[in-house]
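No lab work stands behind these numbers, since they all come straight from the coordinates. Computed from a predicted structure; not experimentally measured. FYI the Cβ positions are ideal-geometry reconstructions off the backbone, even for glycines, and counts take in every protein chain you see.
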Amino acid sequence: MRLRGVLPAVLALPLLAALVPSARAEYIVLRSGTRLSVTGYELRGDTYRLQMSGGSVEIPVGEVVSIEPEEIFEPLPAPLSDTTPFQKLIRAAAERYSVDADLIHCVIAVESNFNPKAVSPKNARGLMQLLPQTAAHLGVKNIFDPAENIDGGTRYLRDLLGKYNNNLNLALAAYNAGPNKVERFGHRVPPYAETRNYVQSINRAYNKFKADRAAQITQSAAVLHD
């Protein structure tokens, strides 16, 4: 039987009696936060035998937190521009709280796809998907108002960046899963598929935007120099 999705190790035990081949790579997430890319896995008593590129390795069952499928990335959002929805509010919040406008833009794109009325299954709401209790703490009165939501979400993001010494991965993980989960796992990104995919999706878009802007600046400087 091939396992799909995120499966806690304790649930996997009765199912993994034989080597499980994979059509594509999967990840074994360890308690340390390490993620191992594997092509198959086998339960042998109290250990997993993991088939990896170039060989195999055995890991105690107790060290395995979950088994995740290889990420399938969504298309990148368009870069922040004068035609981006709510771009004036994004730029104003960026200046107000000293948070990169590209980062705010990426968070909104991943969180709500620019839908100010979005509500998640966990009851997070609005453009930056604030939970009602978080919004109340931030003084956001109308959570669906784009200006208030972006202001509150950006302020929350600024506070998390400060809390984690500008470690973007930890700040994003805390934004998604909550600071208590980041602390629970020893100030590491929690080993949840949703949180890891969230951090990776935003980093992927954000890093692409910053690289493109840097290339444009370099190209412009070269033209002026010539």
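Just a few scattered comments:
- Using the Karplus relation 6.51 cos²θ - 1.76 cosθ + 1.60 with θ = phi - 60°, the per-residue 3J(HN,Hα) values for the stretch 118-127 come to 5, 10, 8, x, 8, 6, 6, 9, x, 4 Hz, with x marking Gly and Pro.
- Placed amide H near L131: partners under 5 Å, 5+ positions off or other chain: R125
- For T47, the residues whose amide H sits under 5 Å from its own are V61, ignoring neighbours fewer than 5 places away on the same chain, with H placed 1.01 Å from N.
- Relative contact order of the stretch 87-216: 19 percent, from C-alpha pairs under 8 Å at least 6 residues apart in sequence.
- Which of M52, M128 has the fewest Cβ neighbours within 10 Å, and the rest in rising order: M52, M128
- Amide hydrogen neighbours beyond the local backbone of Y41, cut-off 5 Å, H modeled: V20, Q51
- Remark: S81, S112 ranked as S81, S112, counting other beta-carbon atoms within 10 Å and listing the fewest first.
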